[in-house]
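What follows is a short report on a single structure.
The values are calculated or read from the model by the stated rules, or taken from the named source; none is laboratory data. All values reported here derive from a predicted model rather than from experimental measurement. All Cβ positions, even for glycine, are placed from backbone atoms using ideal geometry, and neighbour counts span all protein chains on display. In case anyone asks, the SASA skips ligands and DNA or RNA and just uses the protein heavy atoms, side chains included. Shrake-Rupley method; radii C 1.70, N 1.55, O 1.52, S 1.80 Å.
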Amino acid sequence: MHVDVVSAEKQVYSGPVTMLVAPAEMGEVGIAPRHAPLVTRIKPGEIRVTLSSGEEQSFFVSGGILEVQKSVVTILADTAIRAADIDEAEAIAAKERAEEALREQKDSIDFTQVQRELAEAAARLSLIQKIKKSK
Amino acid sequence: MSNAKEIRTQIKSIQSTQKITKAMEMVAASKMRHAQLRMEATRPYAEKMSQVIGHVAHANSEYKHSFLTPRESVKRAGMIVVSTDRGLCGGLNINLFKRAVSEIKQLSEQNIDVDVVTIGKKAAEFFKRIGVKSIANVAELGDTVHLEDFIGSIKVVLDAYSEGQIDKIYLIHNKFVNTMTQSPEAIQLVPLVPSEEEELRQHWDYIYEPEAKTVLDHLLVRYIESLVYQGVVENIACEMAARMVAMKSASENAGELIDDLQLVYNKARQASITQELAEIVGGAAAV
């Protein structure tokens, strides 16, 4: 049975194991080869795998998702402990920053003006490149 | 002909500028390497995630998530624009904004308004200046970004989608082609377009624990976050590459300027020596 433990920032583990134990949301689950397909969330905790040599390895995950297919088990680990209220606070902060920026802003987009500005900047760049080449 | 001393000070000042640009070039080169490594490191997660999403999307779940079903009428769209925090990186941001504006224009021709979520200071400044409504922003991420830094901003736009305020979400960021080339890329984040793989079209479904809805909600949010994270990391690699190239050409330009000035300086020096000699000879002849 092949196991991949990956997080958004790096690959944690990839290799064959004979048994895997993970802290699923509904209680700890043990996955042996040929387990039925399963998708479940996992809680922050320890994931233990038993290698074919009988050696045990464990990783700490701060939550994530466990997916089981016929011969492949994938753990998509979160990079940090996440909680609904923390996410909410982050969202409010992001919104506030945007509103702050909005206060002194014009009402609608003037496409001609924007495009003129962009064209100017692009022209300046291509001019610089031309000057460079002609030298 | 200008004063020899004046030219010498000018050469000195250009030399110190050149030193700075050279240092910046080297710093950018090393940061680019790190950013590229981080970019590579994010791939396994995104690949695995898209595999799982592919399975889930094709599995016969009784629950269809709103992120997977396109809406019939689209009135407003959200756009996540990933830019850099700092300048001095050539045309990187400008090209990206050009792409974003052309997308916004296309959408507005179909009577679709656009709200943006900006990541990076440059995008925030730009969209503020041109008057596009920004619903969330995050800046000052630094060179090592973490997913936690912008989950808030992503949540804002996903919430707006779930509440029906917006009907489509796009992500615009720079794609790292190679060190010399970075190209802006726009992808549709929501509704998700699952990969069409024939072998996945099997009639089996997962056991969902605790139930399909909670697991899918969780999974899809994580997937979108990972796509944005990937975009941000890739954009940083682009920023460093663009800055490296820009600083390299700045150093070269400074070198050329110094060479030109050196020539002028030599001429000025020669001229003053000749003049002095002529004066001495003239003086001697008079005596």
Query raised in the report: For residues in the stretch B:87-120 being part of a loop (DSSP other than H, G, I, E, B) and either within 9 Å of chain A (Cβ to nearest Cβ) or among the hydroxyl-bearing types (Ser, Thr, Tyr) (or both), which is farthest from B:ALA242 (Cα to Cα)?
Result: B:GLY91
Report summary line: Checked the stretch B:104-118 for anything farther than 15 Å from B:LYS75 by Cβ and of a type in the set (Ser, Thr, Tyr); matches are B:THR118
Query raised in the report: Residues in the stretch A:75-93: is at least one surrounded by 14 or more Cβ atoms within 10 Å (Cβ to Cβ), modelled with pLDDT of 85 or more, farther than 30 Å from B:LYS98 by Cα and at the interface with chain B (Cβ under 8 Å from one of its Cβ atoms)?
Result: yes
Query raised in the report: Name the pairs whose Cβ atoms lie under 7 Å apart, with the first residue in the stretch A:114-134 and under 16 Å from B:ALA250 (Cβ atoms), the second open to solvent by less than 50 Å² (accessible area, probe 1.4 Å) and small (Gly, Ala, Ser), and 6 or more positions between them or separate chains?
Result: A:LEU125/B:GLY91; A:LYS132/B:SER249
Query - A:VAL68 vs. criteria modelled with pLDDT of 80 or more, in contact with an Asp or Glu (Cβ under 7 Å, 6 or more places away or on another chain) and open to solvent by less than 40 Å² (accessible area, probe 1.4 Å) - result: no
Requested in this report: Return yes or no: is B:ALA237 touching a Phe, Trp or Tyr at 6+ places or on another chain (Cβ under 7 Å), part of a helix (DSSP H, G or I) and farther than 30 Å from B:HIS65 by Cα?
Outcome: yes
Query raised in the report: When both residues are 6+ apart or on different chains and their Cβ atoms are under 9 Å apart, which pairs have a first residue that lies in the stretch A:46-74 and is away from chain B (no Cβ under 14 Å), and a second that is open to solvent by 50 Å² or more (accessible area, probe 1.4 Å) and small (Gly, Ala, Ser)?
Result: A:GLU46/A:SER58; A:ILE47/A:SER58; A:ARG48/A:SER58; A:VAL49/A:SER58
Requested in this report: Consider B:TYR161 carefully, then state whether it is open to solvent by 10 Å² or more (accessible area, probe 1.4 Å), out of contact with any helix residue (DSSP H, G or I) (no Cβ under 6 Å at 6 or more places or on another chain) and modelled with pLDDT of 90 or more.
Outcome: no
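Can you tell which of B:PHE176, B:PHE97, B:PHE150, B:PHE126 is in contact with a Cys (Cβ under 9 Å, 6 or more places away or on another chain) and among the aromatic types (Phe, Trp, Tyr)?
Details: B:PHE97 fails: in contact with a Cys (Cβ under 9 Å, 6 or more places away or on another chain); B:PHE150 fails: in contact with a Cys (Cβ under 9 Å, 6 or more places away or on another chain); B:PHE126 fails: in contact with a Cys (Cβ under 9 Å, 6 or more places away or on another chain).
Sole residue among the options that is in contact with a Cys (Cβ under 9 Å, 6 or more places away or on another chain) and among the aromatic types (Phe, Trp, Tyr): B:PHE176.
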Requested in this report: With the condition kept exactly as written, say whether any residue in the stretch B:175-183 is assigned to a strand (DSSP E or B), in contact with a helix residue (DSSP H, G or I) (Cβ under 6 Å, 6 or more places away or on another chain) and away from chain A (no Cβ under 12 Å).
Outcome: yes
**Report entry** Failed condition for A:GLY63, given (1) on the phi < 0 side of the Ramachandran plot; (2) part of a strand (DSSP E or B)
**Finding:** (1)
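Do you know which residues across the stretch A:24-36 are within 13 Å of chain B (Cβ to nearest Cβ) and exposed (fewer than 15 other Cβ atoms within 10 Å of the Cβ)? Outline the logic, then answer.
Looking only at the stretch A:24-36, we keep the residues that are within 13 Å of chain B (Cβ to nearest Cβ), and these are A:24-29, A:31, A:35-36.
Selection gives A:MET26, A:GLY27, A:GLU28, A:ALA36.
Of everything in the stretch A:5-23, what is in a strand (DSSP E or B), surrounded by fewer than 20 Cβ atoms within 10 Å (Cβ to Cβ) and either at the interface with chain B (Cβ under 7 Å from one of its Cβ atoms) or touching a residue at least 24 places away in the same chain (Cβ under 8 Å) (or both)? Give them in sequence order.
Scanning the stretch A:5-23 gives A:GLN11, A:VAL12, A:TYR13, A:GLY15, A:PRO16, A:MET19, A:VAL21, A:PRO23.
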